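As structure tokens, the structure follows; a few thoughts come after it.
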Amino acid sequence: MALGDHRGGETVSPAGVARAKAMNGPREGVKITYARSDGAWKAFDATLREIILARHLQHICEVGGGANPALPRDFLVANDLEYTILDISRQELDKAPTEYKKVVADLCDDAPLEGAGTFHLVFSKMLAEHISDPETFHRNVWRLLATGGIALHFFPTLYALPFVANRLMPEWLSSAILRFVDSRDRRMEGKFPAFYRWCRGPTQRQMARFEALKYRVLEYRGFFGHGYYNRIPVLRRAMDRVANRLVRHPLPDLTSYACIILQKAA
């Protein structure tokens, strides 16, 4: 499935696609689309599985999977996949089921990497915002990939207001606010410091960063809107109106989330 399809309850504006192309210039071969963020989380899971099946990707590495691997064991077994979870935290990896292969590594370090050059797919979900050194991180993802391999990342972006606030607030205050707006399991889905470096929508500068690391940008999708105002109806309605307008008249710097598909160039 291409990220530009209608899935997960999202509405993709054809006018938005056209304007996105005009705003981002004639970057040949890059598919850029915009949509509401509603359903983007589930759509990423569907996209991940369909990329694996459509491209016959066998050796897969999830970076930052920690306690919550994105791919369940039944999907791995049914498709005879080799799946590795790589995370900086042994403590988080220990929370994941024991049947997964786990590797402790810091991709912001230039140390040798287990499995370098062997993975057909390396992906992350809501990890990039926590990376302190994105250039080294994405270079190491490139090192993990086999030639022609795919990197897939889903992440929140600046300059959405909740993430700007999270970046500027002290950790104790942002944690208290998150407890109010999100009832997640704190043990299995902990909150970690966020930097939002290289976490942007599909701008020229953002794509140039990846191309400088010898990636080919295949697809870049920006999402507008978020769920952080769901408990405050007046703000939720205002956000809905703004998000709908931005889908029709997209501004890459105002996305709330983005998904990017990269390929390790030959």
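Nothing in this text is a laboratory measurement; each read-out follows from the coordinates by a stated rule. Owing to the predicted nature of the structure, the values given are computational and were not obtained by experimental measurement. Here Cβ is always computed from backbone atoms with ideal geometry, including for glycine, and neighbour counts include all displayed protein chains.
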Student exercise, segment 14-264 dipole from Lys, Arg, Asp, Glu Cβ charges, in Debye to nearest 20: 1100 debye
Could you derive backbone 3J(HN,Hα) for segment 159-165 from the dihedral phi with the Karplus parameters 6.51, -1.76 and 1.60 (θ = phi - 60°), listing whole Hz in sequence and x where the residue is Gly or Pro? 10, 5, 4, x, 7, 4, 4
Under-5 Å amide H pairs with Cys61, H placed in peptide plane, nonlocal only: Thr84, Leu121, Val122, Phe123
Which residue, Leu158, Ile88, Ala78, has the largest displacement toward the positive end of the dipole of segment 14-264 when charges sit on each Cβ (Lys, Arg +1; Asp, Glu -1)? Leu158
Report the number of Lys pairs in segment 14-264 whose alpha-carbons are under 28 Å apart, with separation of 8 or more residues or on distinct chains. 28
Can you give the three extents of the C-alpha atoms in segment 14-264 along their principal axes, from longest to shortest, in whole Å? 47, 44, 35
Which whole-number percent gives the relative contact order of segment 14-264, counting Cα pairs below 8 Å spaced six or more residues apart? 25 percent
